[in-house]
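None of the figures in this text is laboratory data; all of them are computed from the coordinates on show. Everything quoted here is computed from the prediction, not taken from an experiment.
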Amino acid sequence: MNREDWNWRALHLRVARKALQQWTQPGGAQAFVLDDTIKIRSGKKMPGVSSHFNHTTGRHVMGQQVLTLGLSWAQGFVPVDSELFTGKTNVRDLATPFKDGRSIAAVRHRAAVSQTKPEMARAMIARARHATMLAMSPLSI
């Protein structure tokens, strides 16, 4: 979030597109896979974190939840998109506001605090399906 001027999502999509062009074979079975991983963050003044229930440890932890969308097929898996999800409990706001509220980082932060995980997943799948990298082979979803 420190680089408001970089479009990390576009970079991520370009790398995924290149990987998919090299590794996938037309006509093979493909499926989207969603994963929500909790990155535990410590520190009293850590901005942008909230409380999440960690099913692995069976307790609540402070951190960031990363929702990742990937494309899976018989030969492998390529992450296509990711979003940070901020819960509604014990939310720690950013220490300083964004320089430009219209920046890519500011828009993504607003989505992290305002959307639910199903809403994020729906938007991520729509972006992935719309991307030209997935237009090279038909997907049955």
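Below, the figures for the structure above:
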| quantity | calculated |
| --- | --- |
| Cα coordinate range in the stretch 8-134, projected on the principal axes (Å, largest first) | 49, 39, 22 |
| Under 5 Å, built H, 5+ apart or other chain: amide partners of Phe98 | none |
| Too-long pairs where the Cα-Cα distance tops 25 Å, listed order kept, from Lys18/Lys88; Lys44/Lys88; Lys18/Lys99 | Lys18/Lys88; Lys18/Lys99 |
| Hz values of 3J(HN,Hα) by residue in the stretch 51-68 - Karplus curve (6.51, -1.76, 1.60), Gly and Pro given as x | 7, 10, 7, 8, 5, 5, 9, x, 8, 7, 9, 8, x, 10, 9, 9, 9, 10 |
| Amide hydrogen neighbours beyond the local backbone of Ala131, cut-off 5 Å, H modeled | none |
| For Asn7, residues with placed amide H under 5 Å, excluding near neighbours | none |
| In Hz, Karplus ³J(HN,Hα) per residue of the stretch 126-131 (6.51, -1.76, 1.60; θ = phi - 60°; x = Gly, Pro) | 4, 5, 5, 5, 6, 4 |
| For the stretch 8-134: relative contact order, % (alpha-carbon pairs under 8 angstrom, 6 or more apart) | 25 |
| Length added when fully stretched, Ser114-Lys99, from 0.36 nm per residue minus Cα-Cα | 3.4 nm |
